[in-house]
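Below: one structure, written as structure tokens.
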Amino acid sequence: MNRVRADLLLMAVSIIWGTAFIAQKHANSSMGPVSFVGARFLLSFVALAPLAFYEHNNPTGSRLKKEDLGLAGLVGLCLFVGSTLQQIGLVTTTATNGGFLTALYVIFIPFIVWIITGARPRLIVLAASVVSVMGAWLLTEQGRFHGWTAGDALVLIADIAWAAGISLVPIFLSRVDRPFFLAFAQYGVTAALGMICGLSFEPFSREGWAMAFPAILYAGVFSGAIAFTLQIFAQKYTPPAEAGLIMSLESVFAALAGAALLSERLTGSGVLGCVLILLGVVAVEVGPALRNVKLRGYLRKPV
């Protein structure tokens with residue numbers, strides 16, 4: 001796989017996540033948010049089990065060390081914290097505030113990578129992140145923030161967990177080439193913590209779980225087992241900050257899905273917001289392409 005194919009995978013991930021936002025909002029009306037997180041990732045865990053065991057039995061595969069298991073567990077913890085706080089936040093925050101605040105994780109990624117690896121963020125990445133966040137702001141109802149609630153704070157904290165998880169994925173893959181194991185492990189950690197906490201502190205209703213089953217199925221299979229796994233594969237070739245920017249297209253596809261499936265109106269400012277997010281993604285894509293063209297031109301020059 002090359003960078004272009006990896007970026008296309010990340011775009012596919014953003015499409016799936018954008019449409020899954022509708023399923024997440026629907027589930028909160030039928031069951032507890034933490035229980036939903038546990039149920040959806042339990043389904044993802046089961047779906048990835050055959051691929052993880054196939055990878056484990058591959059004689060040419062990388063050997064896992066104790067520190068690799070710890071790192072995979074940390075990525076899983078980030079997924080649990082991010083998913084749970086976001087899902088709880090969606091109970092009290094408005095869709096307007098939640099959509100904007102979720103997009104802020106693209107700002108955190110370059111700085112978390114800097115803290116972890118010492119690699120300073122490139123100026124073009126920072127500029128593209130700011131442009132994408134401006135686009136997410138315009139995707140709200142004419143750029144208006146509807147007050148500040150506890151749910152908003154939870155979604156913002158979730159952004160830090162999302163950013164940390166995205167930043168840690170390539171570190172794991174650089175140490176051991178076991179993408180299916182990483183996906184399997186993070187789903188297992190999130191499912192276990194979600195089911196234990198959800199069943200311990202939230203009311204259980206068979207009718208509610210039955211009503212939420214379509215949302216669990218979509219989020220567990222498509223958003224979880226497929227999209228999160230594709231993200232891991234793609235991040236082997238796309239740096240974390242650039243990957244985060246591409247996945248921020250989730251806001252665009254969520255707006256389009258809302259307009260198509262929920263009859264939500266996409267305003268002129270919303271369209272402009274979509275364009276700005278796209279420009280942010282294009283900016284980080286054009287930079288490496290131009291460098292490669294210049295490099296090939298230099299190598300072809302006669303000595």
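A short reminder: the numbers here are calculations on the coordinates, not readings from a lab. Worth saying up front: this structure is predicted, and the values here are computed from it rather than measured. Backbone-built Cβ (ideal geometry, glycine too); neighbour counts: all protein chains shown.
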Problem - Estimated [θ] at 222 nm from DSSP helical runs (n ≥ 4, -39500 (n - 2.57)) normalised by residues in the chain, nearest 500 - result: -26000 deg cm²/dmol
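How much net charge surrounds ILE246 when only the other residues with a Cβ under 14 Å from the Cβ of ILE246 are counted, with Lys and Arg +1 and Asp and Glu -1?
Working: positive: ARG3, ARG5; negative: ASP7, GLU242, GLU250, GLU285.
Summing Lys and Arg as +1 and Asp and Glu as -1 gives -2.
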Practice task
Could you order peptides 24-32, 222-230 by the average number of other Cβ atoms within 10 Å of their residues, highest first?
Solution key: 222-230, 24-32
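Using the Cα centre of the chain as the reference point, and only Cβ charges (+1 on K/R, -1 on D/E), how large is the resulting charge dipole? Debye, rounded to the nearest 20. Please list the in-between numbers first.
On the way: 20 positive and 14 negative charges, 237 e Å.
The dipole of the chain has a size of about 1140 debye.
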Practice task
Quick one: order ILE196, ILE166 by neighbouring beta-carbon count within 10 Å, fewest to most.
Solution key: ILE196, ILE166
Completion exercise
Counting sequence-distant residues (5 or more places) and residues on other chains, those with an amide H built under 5 Å from that of GLY32 are none
Problem - Karplus 3J(HN,Hα) series, Hz, for the stretch 78-92 with 6.51 cos²θ - 1.76 cosθ + 1.60 (x for Gly, Pro) - result: 4, 5, 5, 5, x, 5, 5, 5, 5, 5, 5, x, 5, 5, 10
Problem - GNM top mover of PHE213, PHE80, PHE21 - the chain, alpha-carbon springs below 10 Å - result: PHE213
Practice task
Assign one of three labels to the stretch 157-212, namely rounded, prolate or oblate, based on the Cα gyration tensor with a ≥ b ≥ c the square roots of its eigenvalues; rounded applies when a/c is under 1.5, prolate when it is not and a/b is larger than b/c, and oblate otherwise.
Solution key: prolate
Practice task
Could you work out the relative contact order of the stretch 3-300, using alpha carbon pairs under 8 angstrom and six or more residues apart, expressed as a whole percent?
Solution key: 40
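Starting with the highest mean, order 42-52, 115-125 by the number of other Cβ atoms within 10 Å, averaged over the residues of each peptide.
Working: 42-52: 19.4, 115-125: 13.3.
Per-residue Cβ counts within 10 Å, averaged per peptide and sorted highest first, yield 42-52, 115-125.
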Practice task
Could you tell me the largest-minus-smallest coordinate of the C-alpha atoms of the stretch 3-300 on each of the three principal axes, in descending order and whole angstroms?
Solution key: 68, 55, 31
Practice task
Once you've got the GNM for the chain with C-alpha springs shorter than 10 Å, pick whichever of ARG178, ARG206, ARG40 has the biggest mean-square fluctuation.
Solution key: ARG206
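For every other residue with a beta carbon closer than 15 angstrom to the beta carbon of SER129, add +1 if it is Lys or Arg and -1 if Asp or Glu, then tell me the sum. Please report the intermediate quantities before stating the final value.
Values: positive: ARG120, ARG122; negative: ASP159, GLU242, GLU250, GLU285.
Overall, the nearby charge balance is -2.
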Problem - Net +/- balance of residues flanking SER62 in space, Cβ distance below 11 Å, scoring K and R +1, D and E -1 - result: +1
Fill in the blank from the handout: Along the stretch 170-185, Karplus-curve 3J(HN,Hα) (6.51, -1.76, 1.60; θ = phi - 60°) to the nearest Hz, with x for Gly and Pro, reads x, 5, 4, 5, 6, 8, 8, 8, 9, x, 5, 5, 4, 4, 4, 5
